[in-house]
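See below for the structure under consideration.
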Amino acid sequence: IPMVVPYAGGILAGQGLLFGAFFGVAASDAAQNTSVECETRGEFELPKEPSLAITQGAPVFWDDANRRITTTATGNFQVGLCTVAALAADATVRVMLTRVPASGA
(Lines give C-alpha, C1' and ligand atoms only; values in the text may rest on other atoms or scores of the structure.)
Protein backbone atom coordinates (compact mmCIF):
# COMPACT_ATOMS: atom_id res chain seq x y z
CA ILE A 1 0.00 0.00 0.00
CA PRO A 2 1.49 3.40 -0.89
CA MET A 3 1.65 5.80 2.08
CA VAL A 4 2.84 9.38 2.40
CA VAL A 5 5.81 9.75 4.76
CA PRO A 6 4.79 12.12 7.59
CA TYR A 7 8.16 12.17 9.37
CA ALA A 8 10.73 14.97 9.19
CA GLY A 9 13.91 13.47 7.84
CA GLY A 10 11.96 10.81 5.93
CA ILE A 11 12.06 7.07 6.46
CA LEU A 12 14.39 4.16 5.74
CA ALA A 13 13.44 0.78 4.31
CA GLY A 14 12.28 -1.52 7.10
CA GLN A 15 11.05 1.24 9.41
CA GLY A 16 7.48 1.49 10.65
CA LEU A 17 5.15 4.20 9.41
CA LEU A 18 1.75 5.34 10.65
CA PHE A 19 -0.44 7.29 8.25
CA GLY A 20 -4.03 7.82 9.33
CA ALA A 21 -5.36 4.41 10.34
CA PHE A 22 -2.76 2.56 8.25
CA PHE A 23 0.42 1.09 9.72
CA GLY A 24 3.05 -0.41 7.51
CA VAL A 25 6.74 -1.10 7.08
CA ALA A 26 8.49 0.89 4.37
CA ALA A 27 9.80 -1.14 1.42
CA SER A 28 12.36 1.55 0.49
CA ASP A 29 13.85 4.81 1.69
CA ALA A 30 11.69 7.90 1.15
CA ALA A 31 11.71 11.60 1.97
CA GLN A 32 9.05 13.38 4.02
CA ASN A 33 5.82 14.08 2.11
CA THR A 34 6.63 11.56 -0.63
CA SER A 35 4.88 8.26 -1.23
CA VAL A 36 6.48 4.96 -0.27
CA GLU A 37 5.22 1.40 -0.74
CA CYS A 38 4.57 -0.25 2.63
CA GLU A 39 3.91 -3.80 3.73
CA THR A 40 0.84 -3.98 5.97
CA ARG A 41 0.94 -7.73 6.61
CA GLY A 42 3.77 -10.03 7.59
CA GLU A 43 6.40 -10.38 10.29
CA PHE A 44 9.02 -7.67 10.85
CA GLU A 45 11.74 -6.74 13.31
CA LEU A 46 10.99 -3.28 14.67
CA PRO A 47 12.57 -1.02 17.31
CA LYS A 48 10.99 -1.31 20.74
CA GLU A 49 10.74 0.79 23.85
CA PRO A 50 14.04 0.58 25.78
CA SER A 51 14.14 -1.59 28.92
CA LEU A 52 10.79 -3.18 28.05
CA ALA A 53 10.46 -6.98 28.01
CA ILE A 54 7.69 -8.25 25.72
CA THR A 55 6.29 -11.78 25.92
CA GLN A 56 5.48 -13.89 22.89
CA GLY A 57 1.86 -13.41 21.85
CA ALA A 58 1.51 -10.04 23.59
CA PRO A 59 -0.43 -7.36 21.70
CA VAL A 60 1.91 -4.55 20.65
CA PHE A 61 1.33 -0.92 19.80
CA TRP A 62 3.09 1.74 17.72
CA ASP A 63 4.32 4.76 19.70
CA ASP A 64 4.34 7.20 16.79
CA ALA A 65 5.96 10.04 18.75
CA ASN A 66 9.03 7.86 19.37
CA ARG A 67 8.59 5.61 16.30
CA ARG A 68 8.84 2.32 18.21
CA ILE A 69 6.89 -0.66 19.52
CA THR A 70 5.46 -0.64 23.03
CA THR A 71 2.94 -2.60 25.09
CA THR A 72 1.24 0.60 26.26
CA ALA A 73 -2.17 0.88 24.63
CA THR A 74 -3.11 4.38 25.79
CA GLY A 75 -2.30 6.97 23.16
CA ASN A 76 -0.79 4.39 20.80
CA PHE A 77 -1.97 2.40 17.75
CA GLN A 78 -2.26 -1.39 17.91
CA VAL A 79 -0.25 -2.97 15.10
CA GLY A 80 -0.04 -6.67 15.90
CA LEU A 81 1.40 -9.37 18.11
CA CYS A 82 4.88 -10.16 19.40
CA THR A 83 6.08 -13.36 17.69
CA VAL A 84 9.35 -13.88 19.58
CA ALA A 85 9.78 -12.81 23.21
CA ALA A 86 12.04 -9.76 23.58
CA LEU A 87 14.22 -9.16 26.62
CA ALA A 88 14.47 -5.75 28.27
CA ALA A 89 18.03 -5.43 26.89
CA ASP A 90 16.90 -6.07 23.28
CA ALA A 91 16.67 -3.07 20.95
CA THR A 92 14.11 -4.71 18.64
CA VAL A 93 11.15 -7.08 18.71
CA ARG A 94 9.64 -9.42 16.09
CA VAL A 95 6.08 -8.36 15.29
CA MET A 96 3.38 -9.97 13.17
CA LEU A 97 1.37 -7.11 11.70
CA THR A 98 -2.29 -7.79 12.23
CA ARG A 99 -4.93 -5.40 13.40
CA VAL A 100 -6.49 -7.00 16.46
CA PRO A 101 -9.81 -5.40 17.35
CA ALA A 102 -10.34 -4.19 20.88
CA SER A 103 -12.31 -6.49 23.16
CA GLY A 104 -15.98 -6.45 22.24
CA ALA A 105 -15.35 -4.97 18.78
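The values are calculated or read from the model by the stated rules, or taken from the named source; none is laboratory data. Note that the structure is a prediction, hence the values are computed from the model and not measured. All Cβ positions, glycine included, derive from the backbone under ideal geometry; neighbour counts span all protein chains shown. Just the protein is used for accessible areas: all its heavy atoms, side chains included, with ligands, DNA and RNA removed. Shrake-Rupley method; radii C 1.70, N 1.55, O 1.52, S 1.80 Å.
Relative contact order (percent) for the chain, with alpha-carbon contacts under 8 angstrom and 6 or more residues of separation?
Normalised by residue count, the contact order of the chain is 23 percent.
At a 1.4 Å probe radius, carbon and sulfur cover how many percent of the accessible area of the chain?
The C+S portion of the solvent-accessible surface of the chain is 56 percent.
With point charges of +1 on the Cβ of Lys and Arg and -1 on the Cβ of Asp and Glu, referenced to the Cα centre of the chain, which listed residue (Ala91, Ile1, Ala58) lies farthest in the positive direction of the dipole?
The Cα lying farthest towards the positive end belongs to Ala58.
Suppose every K and R has +1 on its Cβ and every D and E has -1 on its Cβ; what is the size of the dipole of the chain about the Cα centre, in Debye to the nearest 20?
The calculation lands at about 180 debye.
Note the listed values (1) 13.7; (2) 13.1; (3) 16.1, then indicate which one is Kirkwood radius over Cα pairs in Å calculated from this particular structure.
(1)
When ligands, DNA and RNA are left out and all protein chains stay put, how many square angstrom of accessible area per residue does the chain have with a 1.4 Å probe?
Averaged over the residues of the chain, the accessible area is 54 Å².
From the phi of every residue in segment 46-61, what ³J(HN,Hα) in whole Hz does the Karplus formula 6.51 cos²θ - 1.76 cosθ + 1.60 yield, where θ is phi - 60° and glycine or proline is x?
10, x, 10, 4, x, 6, 10, 8, 10, 7, 4, x, 5, x, 10, 10
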